[in-house]
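Asker: Please find one structure pasted underneath; my questions will follow.
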Amino acid sequence: MSAVRARAIGTGRLDLLPLRVEHAEEMAAVLSDPALHTFIGGTPDTPRALRSRYERMTAGSPDPGVSWLNWVIRLREDACLTGTVQATLGPSAHGPVAEIAWVVGTPWQRRGIATEAVRALVDWLGRQPVRAVIAHIHPRHRASAAVATAAGLVPTDACHEGEVRWHRTTGR
């Protein structure tokens, strides 16, 4: 699989912008609520730790068969970052797959931002050399399940590390 690069994606209200190290300071504030870690564990990163993580992420995967794609979500009307979406593209027995994840900061939740961003991401992935889109969601995380459903993913019987595997075939 050849490398795929993140490109800017626009929606009605949002800009999904390819992640840059310079986003770390603002994103550290966006992601500072410990409640965001209820289902995924861990604690919020400091701006310095997030910058270091973003440096690794933007450098790309060391595996040439895997693409790390990361975006920040910018709410146009407020000119601020509100969260992230990401996809890891890699090979599988049935063709290239994209494993996706997302997070929206607490002040911007319940406004449809995650749904709009994830739908745009999944639509964009459908135009890439990707056979399927996968997400792993904690079984009690109703908000993420609703976002996945809105993006056309369906839960499967498979679980990984306590999370349900959600799946959508792209038709490629």
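Asker: Being crowded, with 16+ Cβ neighbours inside 10 Å and of a type outside the set (Asp, Glu): is that true of ALA6 here?
Answerer: Yes.
Asker: Those residues that are out of contact with any helix residue (DSSP H, G or I) (no Cβ under 6 Å at 6 or more places or on another chain) and either more than 13 Å from LEU19 (Cβ to Cβ) or among the hydrophobic types (A, V, I, L, M, F, W, C) (or both), I need them from region 69-86; list them, please.
Answerer: Going residue by residue through region 69-86, those that are out of contact with any helix residue (DSSP H, G or I) (no Cβ under 6 Å at 6 or more places or on another chain) are 69, 71, 74-80, 83-84, 86.
Of everything in region 69-86, those that are out of contact with any helix residue (DSSP H, G or I) (no Cβ under 6 Å at 6 or more places or on another chain) and either more than 13 Å from LEU19 (Cβ to Cβ) or among the hydrophobic types (A, V, I, L, M, F, W, C) (or both) turn out to be LEU69, TRP71, LEU75, ARG76, GLU77, ASP78, ALA79, CYS80.
Asker: Scan region 113-124 residue by residue and report those that are under 15 Å from ARG168 (Cα atoms) and surrounded by fewer than 23 Cβ atoms within 10 Å (Cβ to Cβ). Spell out the reasoning first.
Answerer: As a first pass, look at region 113-124 and keep what is under 15 Å from ARG168 (Cα atoms): 118-124.
Hits for region 113-124 are ARG119, ALA120, ASP123, TRP124.
Asker: I've got another one for you. Name the one entry in ARG127, ARG165, ARG140, ARG110 that is farther than 29 Å from ARG20 by Cβ, in a loop (DSSP other than H, G, I, E, B) and either among the hydrophobic types (A, V, I, L, M, F, W, C) or open to solvent by 80 Å² or more (accessible area, probe 1.4 Å) (or both).
Answerer: ARG140
Asker: Sort through THR106, THR88, THR84 and tell me the only one that's within 27 Å of PRO62 (Cβ to Cβ), modelled with pLDDT of 95 or more and touching an Asp or Glu at 6+ places or on another chain (Cβ under 8 Å).
Answerer: Numbers: THR106 fails: within 27 Å of PRO62 (Cβ to Cβ); THR84 fails: touching an Asp or Glu at 6+ places or on another chain (Cβ under 8 Å).
Sole residue among the options that is within 27 Å of PRO62 (Cβ to Cβ), modelled with pLDDT of 95 or more and touching an Asp or Glu at 6+ places or on another chain (Cβ under 8 Å): THR88.
Asker: Search region 129-146 for residues that are free of Cβ contacts under 8 Å to residues at least 40 places away in the same chain and of a type in the set (Gly, Ala, Ser) and pair each with any residue that is open to solvent by 50 Å² or more (accessible area, probe 1.4 Å) and in a loop (DSSP other than H, G, I, E, B) when their beta-carbon atoms are under 8 Å apart and the residues are at least 6 apart or on different chains.
Answerer: Sorted first by the residue in region 129-146, then by its partner, the pairs are ALA143/GLN109.
Asker: Could I ask something else about it? I'd like the full set of residues that are under 22 Å from ARG110 (Cα atoms) and of a type in the set (Val, Ile, Thr), limited to region 150-172.
Answerer: Result: VAL154, single match.
The values are calculated or read from the model by the stated rules, or taken from the named source; none is laboratory data. In this text, all values refer to a predicted model and were calculated from it rather than measured experimentally. Here Cβ is always computed from backbone atoms with ideal geometry, including for glycine, and neighbour counts include all displayed protein chains. All accessible areas refer to the heavy atoms of the entire protein, side chains included, with ligands and DNA or RNA removed. Shrake-Rupley method; radii C 1.70, N 1.55, O 1.52, S 1.80 Å.
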